[in-house]
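The values are calculated or read from the model by the stated rules, or taken from the named source; none is laboratory data. Computed from a prediction, not measured in an experiment: that's the story for all the values here. Here the Cβ positions follow ideal geometry from the backbone for every residue, glycine too, while neighbour counts run over all protein chains shown.
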Amino acid sequence: MTGYEPDVSRETMDKLVLFHDLLVKWNARINLVSRSSLNDFWVRHVADSVQVFRLAPSARTWADLGSGGGFPGLIVAILAKSERPKLKVTLIESDQRKSAFLRTVIRETGVSCNVIAERIEKAEKQGADIVSARALANLTELLTYSDRHLATGGTALFPKGVTWQKELEMARTQWSFDVEVIESQTMPGAAILKIEGVSRV
């Protein structure tokens, strides 16, 4: 493995290794993540998702939008199995093949997680405490999605690359919200945007 060792139980670590193996196998057939990023799986995908999970210690319901290869949603579900077994995790992914992959990992790892294979804007409203999405869309579009699926008083957690400030400025032309910018532990210049109080301008 790499130098990164997540602070998790041995049982959770075993599930993460199984997830990695399934991702490598499926990625050869369908494009779940870039092939180059597979070489940096533990930092680029696992550590990046773990830091998002740790930002919401009291969440009871979590909706991950456009889950794709399972980040951060599947990592959240795997961590929750041992750390927060009452957390209800839902993954929304419209691509049927990617949804099949997500369901396969859920079955093989034995975690509790629901997959909705529909478009985010058509899926039943989730009313979730936490909404997350990674590498899905610009912030303005993400806020439209989160407005649909967040509970009143809920929190959106969006990992963003180095252009996050530009996205924030653009989003504020259409949305009003409170934001806490949390420096990414895995990518210099990147951030996790912790957003609450979302309403249209």
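Some values worked out for this structure:
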| quantity | calculated |
| --- | --- |
| Conditions (1) in contact with a helix residue (DSSP H, G or I) (Cβ under 8 Å, 6 or more places away or on another chain); (2) crowded, with 21+ Cβ neighbours inside 10 Å: number failed by H20 | (2) |
| Residues that are hydroxyl-bearing (S, T, Y) and either surrounded by fewer than 18 Cβ atoms within 10 Å (Cβ to Cβ) or more than 19 Å from the chain's Cα centre (by Cα) (or both), drawn from segment 134-185 | T140, T144, T152, T163, T173, S176 |
| Every residue from segment 123-155 that is without any contact (Cβ under 8 Å) to a residue 24 or more places away in the chain and assigned to a loop (DSSP other than H, G, I, E, B) | E124 |
| Answer residue from segment 26-81, given it is acidic (D, E) and under 18 Å from V105 (Cβ atoms) and is surrounded by the most Cβ atoms within 10 Å (Cβ to Cβ) among those | D64 |
| Leading residue by the ranking (surrounded by the fewest Cβ atoms within 10 Å (Cβ to Cβ)) among those in segment 92-122 that are in a loop (DSSP other than H, G, I, E, B) and touching a helix residue (DSSP H, G or I) at 6+ places or on another chain (Cβ under 6 Å) | A117 |
| Residue list for segment 82-91, filter: surrounded by fewer than 19 Cβ atoms within 10 Å (Cβ to Cβ) and either under 16 Å from I120 (Cα atoms) or touching a helix residue (DSSP H, G or I) at 6+ places or on another chain (Cβ under 6 Å) (or both) | S82 |
| Residues of segment 169-201 classified as more than 29 Å from W42 (Cβ to Cβ) and either modelled with pLDDT of 95 or more or not in a loop (DSSP other than H, G, I, E, B) (or both), total | 15 |
| Selection within segment 156-168 - free of Cβ contacts under 8 Å to residues at least 40 places away in the same chain and not in a loop (DSSP other than H, G, I, E, B) | F158, K160, W164, Q165, K166, E167, L168 |
| Out of V89, V50, V46, sole residue that is under 26 Å from R10 (Cβ atoms), of a type in the set (A, V, I, L, M, F, W, C) and assigned to a strand (DSSP E or B) | V89 |
| Qualifying residue in segment 89-104 (condition: of a type in the set (S, T, Y) and in contact with a His (Cβ under 8 Å, 6 or more places away or on another chain)) | no |
